[in-house]
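See below for the structure under consideration.
A short reminder: the numbers here are calculations on the coordinates, not readings from a lab. Everything numeric in this text was worked out from a predicted model, so none of it was measured. Glycine gets a Cβ as well: all are built from the backbone with ideal geometry, and neighbour counts include every protein chain shown.
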Amino acid sequence: MEDLEKRLTEDGSHTFYSKQFNETFHSKYGAKQESEITYIKGCNIKEKLTTKNHLKVIDLCYGLGYNTASLLEVYGQNIYDCSLEIIALEIDINVPQQAIKNNLLSFYSPNITKDLNIIANTQKLKKDNLNIELLIGDARQTIITLLRSNFKADAIFFDPFSPPKCPQLWTVQFFELVAQCLENDGILATYSCSAAVRKAMISVGLNIGRNYAMGKRAPGTLATKNNIPLQPLSLKELEHLQTRASIPYRDPSLTDNAIDIIERREKEQLSSDLEYTSHWKKRWLNFSHSFE
Ligand SMILES: C[S@@+](CC[C@H](N)C(=O)[O-])C[C@H]1O[C@@H](n2cnc3c(N)ncnc32)[C@H](O)[C@@H]1O
């Protein structure tokens with residue numbers, strides 16, 4: 001069982017640090033704020049709850065449960081004529097259980113903390129208008145259950161550790177499966193603005209745009225299947241997609257480990273004709289200096 005260290009973030013909410021992945025579970029700017037801005041606002045949840053009768057959400061990488069908790073908070077703020085179904089994917093049940101044990105999410109209302117407790121302990125929650133299931137295992141496998149049942153999400157909260165730390169969940173092959181679980185008018189939201197991630201999304205047929213910015217972080221990414229208007233990428237971001245940084249992670253058998261996936265990408269970068277990312281960076285640095 002991994003030893004998870006508790007860390008305070010700038011909005012006063014706590015997160016964990018994972019020694020295994022050498023990364024915190026949330027941005028330093030705020031765990032709760034990240035769930036509200038990147039995922040709830042990014043996926044346009046309030047509008048969807050108002051216009052739909054049934055809202056289906058995939059919380060991909062449930063972790064401590066912030067994204068589901070913030071969704072339940074919004075859902076509880078109004079009487080919506082809309083039922084809510086959440087399928088959450090997580091590899092390590094220890095993470096949500098430790099979050100509960102350490103009372104990390106106890107600033108949510110007692111109803112919500114009670115629900116999170118039930119989810120962490122039974123992996124299921126069923127109420128009148130609410131159905132939540134937490135599938136434990138590698139998301140590359142558990143997503144097959146969703147594909148088999150033809151589950152199409154109106155919103156996907158896409159929240160793995162960063163691409164260099166957990167490339168398994170940012171590959172072209174995994175996005176192919178994830179895109180099949182997205183409703184035609186659905187929105188996938190993530191914090192990542194990596195060119196490799198954006199290129200992988202484009203290569204499986206998703207349209208992409210900027211997500212809302214969180215703290216001083218560069219805006220993440222939103223993806224859809226059709227032409228729902230999204231905030232377009234800047235010229236700098238578009239040019240980033242023409243550099244070697246945009247070579248995506250690949251995992252043809254969907255079973256490779258992080259080291260093999262990273263090595264495969266590095267080999268592809270070495271033999272690429274694309275512009276060096278350092279040249280792109282220098283060009284844009286000179287450009288911004290010309291305004292000083
Ligand atoms: C950045 S954290 C997610 C934070 C979470 N959304 C929250 O609100 O607390 C990434 C999570 O992905 C999980 N994870 C890592 N590899 C995974 C895999 N292959 N399949 C599913 N989950 C995975 C980790 O255990 C961790 O909980």
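List of remarks:
- Distances between placed amide hydrogens fall under 5 Å for Leu233 paired with Arg210, all partners being 5 or more residues away or on another chain.
- Above-threshold pairs, the threshold being 28 Å between Cα atoms, out of Lys28/Lys267; Lys32/Lys281; Lys41/Lys236; Lys19/Lys101; Lys101/Lys216; Lys46/Lys236: Lys28/Lys267; Lys32/Lys281; Lys101/Lys216; Lys46/Lys236
- Charge dipole magnitude, Cβ of K and R +1, D and E -1 - region 4-236, Cα centre, debye nearest 20: 440 debye
- The residues packed around Ile228, meaning those with a beta-carbon under 14 Å from its beta-carbon, carry a net charge of -1 if Lys and Arg are +1 and Asp and Glu are -1.
- Region 187-214-region 68-84 distance, computed between alpha-carbon centres (Å): 26 Å
- Peptides 45-53, 231-239, ordered by how many other C-beta atoms sit within 10 Å of their residues on average, highest first, read 45-53, 231-239.
- As a proxy for reagent exposure, Met214, Met201 were ordered by neighbouring Cβ count within 10 angstrom, fewest first; the result is Met214, Met201.
- C-alpha long axis of helix 66-76 to longest principal axis of the chain, angle in °: 50 degrees
- Beta bridges per DSSP, both residues in the chain: antiparallel share near 45 percent.
- CD proxy at 222 nm, helix term only [per DSSP H run n ≥ 4: -39500 (n - 2.57); per residue of the chain; nearest 500]: -10000 deg cm²/dmol
- Helix 110-122 axis versus longest C-alpha principal axis of the chain: approximately 80°, rounded to the nearest ten.
- For Leu147, the shell of other residues with beta-carbons less than 12 Å away shows a net charge of +2, using +1 for Lys and Arg and -1 for Asp and Glu.
- What the Cα convex hull of region 1-134 gives, in volume per residue, is 98 Å³.
- Cross-link reach is defined here as a Cα-Cα straight distance under 12 Å, omitting same-chain residues fewer than 8 places apart; for Lys127 the aspartates and glutamates meeting it are Glu85, Asp115.
- The long axis of helix 258-270 is offset from the longest Cα principal axis of the chain by roughly 30 degrees.
- Around Asp128: net Lys/Arg minus Asp/Glu count, Cβ-Cβ under 14 Å: -1
- In sequence order, calculated HN-Hα J values of region 81-95 (Karplus, 6.51, -1.76, 1.60; Hz; x Gly/Pro): 8, 8, 8, 10, 10, 10, 10, 10, 10, 7, 7, 10, 4, 4, 5
- For region 185-292: rounded, prolate or oblate by the Cα gyration tensor [a/c cutoff 1.5]: oblate
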